[in-house]
4 protein chains.
Amino acid sequence: MYSFRNDYSEGAHPVVLQALTDTNLEQTSGYGTDPYCAEAAQLIRDLCKAPEADVHFLVGGTQTNLLAITSYLASYEAVIAAHTGHVNVHETGAIEATGHKVCTAYAPDGKLTPSLVESVVNGHSSEHMVAPKMVYISDSTEIGTLYTKAELVALRECCDKHGLLLFLDGARLGSAFTSPDNDLTLPDLAALTDMFYIGGTKNGALFGEALVLNSPNAHFRWHMKQRGAMLAKGRLLGVQFKALLTDNLYFDIAKHANDMAYRLRDGMAALGYEFPVPSPTNQQFPVLPNDIAAKLEAMGYVFEAQEAVDENNTIVRFVTSWATPVEAVDQFLKDLAACK
Amino acid sequence: MYSFRNDYSEGAHPVVLQALTDTNLEQTSGYGTDPYCAEAAQLIRDLCKAPEADVHFLVGGTQTNLLAITSYLASYEAVIAAHTGHVNVHETGAIEATGHKVCTAYAPDGKLTPSLVESVVNGHSSEHMVAPKMVYISDSTEIGTLYTKAELVALRECCDKHGLLLFLDGARLGSAFTSPDNDLTLPDLAALTDMFYIGGTKNGALFGEALVLNSPNAHFRWHMKQRGAMLAKGRLLGVQFKALLTDNLYFDIAKHANDMAYRLRDGMAALGYEFPVPSPTNQQFPVLPNDIAAKLEAMGYVFEAQEAVDENNTIVRFVTSWATPVEAVDQFLKDLAACK
Amino acid sequence: MYSFRNDYSEGAHPVVLQALTDTNLEQTSGYGTDPYCAEAAQLIRDLCKAPEADVHFLVGGTQTNLLAITSYLASYEAVIAAHTGHVNVHETGAIEATGHKVCTAYAPDGKLTPSLVESVVNGHSSEHMVAPKMVYISDSTEIGTLYTKAELVALRECCDKHGLLLFLDGARLGSAFTSPDNDLTLPDLAALTDMFYIGGTKNGALFGEALVLNSPNAHFRWHMKQRGAMLAKGRLLGVQFKALLTDNLYFDIAKHANDMAYRLRDGMAALGYEFPVPSPTNQQFPVLPNDIAAKLEAMGYVFEAQEAVDENNTIVRFVTSWATPVEAVDQFLKDLAACK
Amino acid sequence: MYSFRNDYSEGAHPVVLQALTDTNLEQTSGYGTDPYCAEAAQLIRDLCKAPEADVHFLVGGTQTNLLAITSYLASYEAVIAAHTGHVNVHETGAIEATGHKVCTAYAPDGKLTPSLVESVVNGHSSEHMVAPKMVYISDSTEIGTLYTKAELVALRECCDKHGLLLFLDGARLGSAFTSPDNDLTLPDLAALTDMFYIGGTKNGALFGEALVLNSPNAHFRWHMKQRGAMLAKGRLLGVQFKALLTDNLYFDIAKHANDMAYRLRDGMAALGYEFPVPSPTNQQFPVLPNDIAAKLEAMGYVFEAQEAVDENNTIVRFVTSWATPVEAVDQFLKDLAACK
């Protein structure tokens, strides 16, 4: 038995937890004004080759998304997202609750393109409509796909042409950047986006997202506090990100998550299972016959149904993480083989 | 040197941190649907003798306040608070950002009374004004004072008379309940308020507040998610509150914080310092001559200026916590004596 | 020359203006608490055979839509609309500005069906998503189509099944109800919807919409005031609706608008112009060659481009009103014939 | 019998109504893009000697206040008002519903001073508090008092010093500017405020407020539409303001309102009634014995109770308007004399 439900089923990577333990009884000032947050922010600026970037640490993804969006938009401005975008589907209207419309474009592979963005922009021509002002993308996307550097450059050009901000949700940036298909770097993101974040929750932290603002926003901390997003013991975020970003830990453990995903994918493919939407990251979407799925669940395996294919088959989602043992994958493949 | 700036300068109580470490590699479901949250919630229901109460775990105080308020109010409804109320002063308009007015009454000791509440209610008589619907109080208050049971009963009766909900912010409930002046219990709060919370951030947790809803709110989790307040690894909150609420740890360590405050107060009083507003809890507000304050700061002591008394003297705030060592207090008193 | 741009290019029907003139110097109480609003509300209850209905008079359509929606929804609840729905496209995010998501379904003819509604409802299953709670439809729709009674009954059943409120935007209800294709009545709307409105702005009033609430909402006036929607001289709305609803004026003049639209349509059809989406109401959508359109505009005719067909042809919108003279239509047809 | 309840009990001044009648059947474009709005805006710019000012016409006061405030503030920014300020007390939380806190200062005469403004500004020092960004004042105030030019200059300097915007609510500007105590002019307001409005609703229009923006706000019309404040037949506002601002009508009729107020005040004073707060405008606040008030009401006189003086006496409010006949005042004074 093992849960492939998501990449946040466990606590923190042991190195991260140790860092929290080591610093536990130190006294620091609150709300992220401590030396650990300062160090972690500097590490990020260095990795991004972005000495001017403003870095803020937040607890979770929805919080980060709503803050990054609402703090940059006037009330009549809107954000453009893929129809599958996390901000459109999975945040209980968090963006709308801050007053902004999410304008969507139908993106079968979860990725926005300049042409999709322009189809939205061109449909908003007057004061009787919202004014699209930001493009929201995720890397990796909600369905495990990746942006290439060429694609991101093209989006940047499109945004510049139309006066749009470009925001990249990096909740799964670790998995994205350690995929063999990836050609993007942190300096690329700092140069090509107006803001992006390095997700910790889904890659080894107890919690935490590091939001990098490449466009200035002098009062971002006011927004944080107003939305209940300023952690009292803010240094917890600094300590964790410092640990993750030292000695390449963040990317090493993300690579492990990917490796486990590929091992799972290749093993299942060898058993004849199909993956209709190929994913180069730590989320894999095979088709399972419903009776096999039920048998696996009875054995204690956990994974989520994604979409019915027909009455007998379902696309399911398997997610691996920094914590997934090789043995768990191999045992699963053995058990799956035995199901047939 | 020691920081008396606040009660969240350190990390977690070692027992709490150990519980996080012990459970770190377990896999659980996310968002607070795990067994630890269930256990902690049951512990709280038991301690409150409130088998029907709904318990939700949140990361911080502002988040908890805004959720408790906005999830119970219609948009034209308002919350009544003391002018010093945390929701009125120290949350960057978080309540207003969810659309609700905070109606204030001037309460010199930080405590609302039925007569103050009625002065607000009576001033709101028509559809041209907001409709006050909730009373917000804190125990202990922002200035360290306490509600007695008789006072809380009177507020409950006032709320019932006027159709108001009663919300008690317990960010510092540990300190309040372990003060010699306290005569309230958790079952009292469950019986007398519509919702209250047990603050973890300021009493031994890394972070976390346990919100107890005595009035039903079936969609509270939708509100949580919408405001970015649903922690992915929600079990971190359950694990911490389970640890805190086992074997009376929560109250034992709060009593320590109070004891340190009283030791500090008595020692300073013995040195001739005055405390214009007496506080029976872990926040103490002595008057310091500015030159003495400067000397203490030069020695590395940290505390906050609260209010100027005159050009030479300032009311300052000292806060003790579960982590404050006796030695730190004693050394401070010695250093203070040497300042004179 | 004549403007077919919309049905609110002129002021009020002379009978309505006369009523305003006749009552101009009377003194009444403000904010809609006057006898004229009471009389007009009673007239509407009588016409709707809905003695319990609550009637509120508002100045404009966006105001009415946002109030009808936000006053019935909790913050995490959403409204379902056709992708062409006015609240989705043409109100600058007014619904989102009150905190609610608009969930859309692609409806080529501008009309929602139970199956479209259910496709949205079924996609929203947990606290990670908004909870659809209301269905928004327009009659006539934004593209001039009509709901039949059978269709409205089916939507009502669908709404009952899923616990949804049904809101009908009647900005162009006059045109809808006087179309030969219509089989709905005001009592039908009172029985089948939770709220609907009778549009005045687009049918003979200077301004004004009469919102009929069939589901109780005791504090609706608080919402009105909060959104700046309570007219000081509220009796202006009562006076106008009393005039419109006396002696069938409202429907007589709406029928005239439709008759002018059919005369225009039939005349253009006779000249060989095509109407890809047939409309039985006062909005008509012919295809015009761009050069013909330019000639007409040069003659002073006004109408709006709707959608390009190809590089030489455009679907345009012609709108007629209570004020459109037969002569204007005939002259236009003559001028159009001369263009060819 | 006569109603002194307010200055919007009647319809429009006959000249205004005639202008609406004269233009009734003209066709114009909608939403305030018509020639009448353009002409009225130019008249206002000329009267204000402010060729660069941006003028927008809105239907009512609450709508105007909420738009002027929310369109200039970021979500964490707040507006400062007197405790009696209309936006604080009489708008059902309209400002908070757009997300902004109203910070209040206790101003016994309804007027803010630099020192009151600074007391608020100085109390808001960090990201844990809202950031005051705008000062809201009314002229005449809610209790009938006036700002002098020296006072307004001082407020402007205070605002400049602290980076604050200054917004003047002119719902009763006509009465203010035609008071013998007034020394302000429209060019003064254009020079000294960032935005102000010329109130029509309370001085001869059916409805309407002309908002003058001296600080640029390129997307103000997006805000208008989003809040349901863009009148379809916007030219109704332009027609009315053009009529009011031609040949000094606006000020002539405001002066009449004031004259009637002074006649009432002087007559009552001669009968021995006291006016604890002197008002130089069209609102007068005498003390009436409750039995006298009851007799007057029985005769059909209407006025509002403001505040109890003791159990036998009440401060009441009498309001006169452009429409108040001399005969109504004189008859009232006769009837009052007979009451004694």
Practice task
Filter the range C:117-150 for residues that are more than 14 Å from every other protein chain (Cβ to nearest Cβ) and touching a Leu at 6+ places or on another chain (Cβ under 9 Å) and give the result.
Solution key: C:VAL117, C:VAL121, C:VAL135, C:TYR136, C:ILE137, C:SER138, C:ASP139, C:SER140, C:LEU146, C:TYR147, C:THR148, C:LYS149
Completion exercise
Matching residues in the range A:49-63 (over 17 Å from A:TYR36 (Cα atoms) and at the interface with chain B (Cβ under 8 Å from one of its Cβ atoms)) number 4
Practice task
Determine whether D:LEU43 is within 7 Å of another protein chain (Cβ to nearest Cβ) and part of a helix (DSSP H, G or I).
Solution key: no
Fill in the blank from the handout: Taking the range A:265-295 and keeping residues touching a helix residue (DSSP H, G or I) at 6+ places or on another chain (Cβ under 7 Å) and part of a loop (DSSP other than H, G, I, E, B) leaves A:LEU271, A:PHE275, A:THR281, A:ASN282, A:PRO286
Handout entry: Subset of the range A:19-35 [touching an Asp or Glu at 6+ places or on another chain (Cβ under 9 Å) and either hydroxyl-bearing (Ser, Thr, Tyr) or in a helix (DSSP H, G or I) (or both)]
Key = A:THR28, A:TYR31
Exercise for the section: For the range C:227-264, name all the residues that are under 30 Å from D:TYR8 (Cβ atoms), among the polar types (S, T, N, Q) and part of a loop (DSSP other than H, G, I, E, B). Expected result: C:THR246
Exercise for the section: Search the range A:219-262 for residues being among the charged types (D, E, K, R) and within 12 Å of chain B (Cβ to nearest Cβ), and hand back the single one that is nearest to B:ALA97 (Cα to Cα). Expected result: A:ARG227
Handout entry: Residue that is on the phi > 0 side of the Ramachandran plot, in contact with a Leu (Cβ under 9 Å, 6 or more places away or on another chain) and modelled with pLDDT of 95 or more, where the choices are A:GLY228, A:GLY300, A:GLY272
Key = A:GLY228
Practice task
Output the residues belonging to the range C:217-242 that are under 20 Å from the mean Cα position of the chain (by Cα) and surrounded by fewer than 24 Cβ atoms within 10 Å (Cβ to Cβ).
Solution key: C:LYS242
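Pull up the range B:46-83, narrow it to residues that are among the hydroxyl-bearing types (Ser, Thr, Tyr) and part of a loop (DSSP other than H, G, I, E, B), then point me to the one that is surrounded by the fewest Cβ atoms within 10 Å (Cβ to Cβ). First the steps, then the outcome.
Step one: list which residues in the range B:46-83 are among the hydroxyl-bearing types (Ser, Thr, Tyr), which gives B:62, B:64, B:70-72, B:75-76.
With part of a loop (DSSP other than H, G, I, E, B) added as a condition, the list becomes B:71-72, B:75-76.
On the way: B:SER71: 24, B:TYR72: 21, B:SER75: 24, B:TYR76: 28.
Only one residue fits best here, namely B:TYR72.
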Practice task
Report yes if some residue within the range D:243-258 is crowded, with 24+ Cβ neighbours inside 10 Å, in contact with a strand residue (DSSP E or B) (Cβ under 7 Å, 6 or more places away or on another chain) and at pLDDT 95 or above; otherwise report no.
Solution key: no
Problem - Residues of the range A:84-99 satisfying the condition of being surrounded by fewer than 24 Cβ atoms within 10 Å (Cβ to Cβ) and either in contact with an Asp or Glu (Cβ under 7 Å, 6 or more places away or on another chain) or not assigned by TED's automatic domain parsing to the domain that holds A:SER140 (or both) - result: A:THR84, A:HIS86
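Which ones in the range A:126-141 are under 22 Å from A:PRO280 (Cβ atoms) and free of Cβ contacts under 8 Å to residues at least 60 places away in the same chain?
Residues satisfying the conditions are A:ILE137, A:SER138, A:ASP139, A:THR141.
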Fill in the blank from the handout: Within the range C:3-56, residues in contact with a helix residue (DSSP H, G or I) (Cβ under 8 Å, 6 or more places away or on another chain) and basic (Lys, Arg) come out as C:LYS49
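Given the criterion at pLDDT below 95 and either part of a helix (DSSP H, G or I) or more than 14 Å from every other protein chain (Cβ to nearest Cβ) (or both), identify the matching residue among B:SER175, B:SER215.
Values: B:SER175 fails: at pLDDT below 95.
The match here is B:SER215.
Based on what the data block shows, is D:VAL102 within 12 Å of another protein chain (Cβ to nearest Cβ), surrounded by fewer than 24 Cβ atoms within 10 Å (Cβ to Cβ) and free of Cβ contacts under 8 Å to residues at least 60 places away in the same chain?
no
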Exercise for the section: Find the residue count for the range A:296-340, including only residues that are in contact with a strand residue (DSSP E or B) (Cβ under 9 Å, 6 or more places away or on another chain), polar (S, T, N, Q) and either in a helix (DSSP H, G or I) or surrounded by fewer than 16 Cβ atoms within 10 Å (Cβ to Cβ) (or both). Expected result: 1
Handout entry: Positions within the range A:178-211 being under 13 Å from the mean Cα position of the chain (by Cα), more than 14 Å from chain B (Cβ to nearest Cβ) and aliphatic (A, V, I, L, M), in sequence order
Key = A:ILE198, A:ALA210
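For the range A:20-40, what are the residues that are among the aliphatic types (A, V, I, L, M) and either more than 28 Å from A:ALA257 (Cβ to Cβ) or more than 7 Å from every other protein chain (Cβ to nearest Cβ) (or both)? Talk me through it step by step, then tell me what you get.
If we filter the range A:20-40 for residues that are among the aliphatic types (A, V, I, L, M), which is where we start, we get A:20, A:25, A:38, A:40.
Correct list: A:LEU25, A:ALA38, A:ALA40.
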Completion exercise
Checked pairs for the range A:66-90, first within 14 Å of chain D (Cβ to nearest Cβ) and in contact (Cβ under 8 Å) with a residue 60 or more places away in the chain, second basic (Lys, Arg) and in a strand (DSSP E or B), C-beta under 6 Å and 6 or more apart or across chains, list as A:LEU73/A:LYS133
Practice task
Report yes if C:ILE253 is touching a residue at least 24 places away in the same chain (Cβ under 8 Å) and under 15 Å from C:ALA337 (Cβ atoms), otherwise no.
Solution key: no
Problem - Every residue from the range D:1-19 that is crowded, with 23+ Cβ neighbours inside 10 Å, within 7 Å of chain C (Cβ to nearest Cβ) and either among the hydrophobic types (A, V, I, L, M, F, W, C) or free of Cβ contacts under 8 Å to residues at least 60 places away in the same chain (or both) - result: D:ALA12
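The values are calculated or read from the model by the stated rules, or taken from the named source; none is laboratory data. The model shown is predicted, which means the values in this text are computed figures rather than measured ones. Methodologically, a virtual Cβ is constructed for each residue, glycine included, from the backbone with ideal geometry; neighbour enumeration extends over all protein chains shown.
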